[in-house]
Amino acid sequence: MKFELPPLPYAENALEPVISAETISFHYGRHHQAYVNNLNKLIVGTRFENATLEQIIMEADGGIFNNGAQVWNHTFYWEGLGGKGGQPQGRLLEKINEDFGSFEQFKTVFADNAAKLFGSGWAWLVMDQENKLRIVQTSNAGNPLRDKQKPLFTCDVWEHAYYLDYQNRRPDYLKSFWDIVDWNRVAERLG
């Protein structure tokens with residue numbers, strides 16, 4: 001199976017001013033594309049040649065895992081953006097309020113986890129095996145699927161996600177990030 005870079009669900013400038021078209025060009029057009037290209041080279045002649053990204057995440061290691069997980073993580077990240085921010089509605093908001101006390105408390109805990117993640121990685125909103133919402137951090141290409149958690153939302157905190165727009169000010173990126181979340185998409189993932 002040859003993997004392809006999935007199209008962005010919006011124009012490259014659609015996330016401005018939070019994320020610039022220039023950042024999207026580098027982050028999506030170069031970084032995400034490089035993970036796809038590297039994965040396609042690495043899987044040739046291996047048992048993962050016809051695997052899905054989910055199989056690669058669950059079963060691979062080394063370069064195949066790193067590139068496969070990064071293709072999946074980035075696609076998931078892009079698909080969770082492009083909305084108008086605000087706050088979710090319906091069952092998602094009820095579940096956030098139930099498991100975090102309030103939407104504002106959830107945002108505070110999520111941003112704190114994302115800001116304090118050392119080095120490169122991801123902050124995730126997941127549903128755990130007990131049907132509780134949790135916020136988890138993964139380093140580098142880590143993915144919560146490996147821990148039998150259902151990802152609902154993620155924030156990329158690799159420097160390439162924000163450095164052109166915010167330099168070393170990760171907390172400023174995280175503060176603005178909420179303005180472009182597509183809560184309808186996150187609610188669909190909750191089911």
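Worth pointing out:
- Meets criteria (in the same structural domain as residue 95 (by TED's automatic domain parsing) and in contact with a Ser or Thr (Cβ under 7 Å, 6 or more places away or on another chain)) for residue 183: no
- When the range 9-55 is filtered for residues that are in a loop (DSSP other than H, G, I, E, B) and either within 13 Å of residue 75 (Cα to Cα) or touching a strand residue (DSSP E or B) at 6+ places or on another chain (Cβ under 9 Å) (or both), the ones remaining, listed by number, are 9, 10, 14, 15, 18, 19.
- Subset tally (residues that are within 15 Å of residue 170 (Cα to Cα) and either in a strand (DSSP E or B) or not assigned by TED's automatic domain parsing to the domain that holds residue 186 (or both)) for the range 112-136: 3
- Qualifying residue in the range 34-43 (condition: polar (S, T, N, Q), more than 26 Å from residue 176 (Cα to Cα) and without any contact (Cβ under 8 Å) to a residue 12 or more places away in the chain): yes
- All positions within the range 141-173 that are under 13 Å from the mean Cα position of the chain (by Cα) and among the hydrophobic types (A, V, I, L, M, F, W, C): 141, 145, 152, 153, 155, 157, 158, 161
- Filtered residues of the range 167-179 (kept if under 17 Å from residue 122 (Cα atoms) and assigned to a helix (DSSP H, G or I)): 170, 171, 172, 173, 174, 175, 176, 177, 178
- Remark: pairs (first residue in the range 1-19, free of Cβ contacts under 8 Å to residues at least 40 places away in the same chain and within 27 Å of residue 56 (Cβ to Cβ); second residue basic (Lys, Arg) and assigned to a loop (DSSP other than H, G, I, E, B); Cβ separation under 7 Å; 6+ apart in sequence or on different chains) are absent.
The values are calculated or read from the model by the stated rules, or taken from the named source; none is laboratory data. Please read all numbers here as calculations on a predicted model, not as lab measurements. Ideal geometry is used to build each Cβ from the backbone, glycine not excepted, and the neighbour counts take in all protein chains shown.
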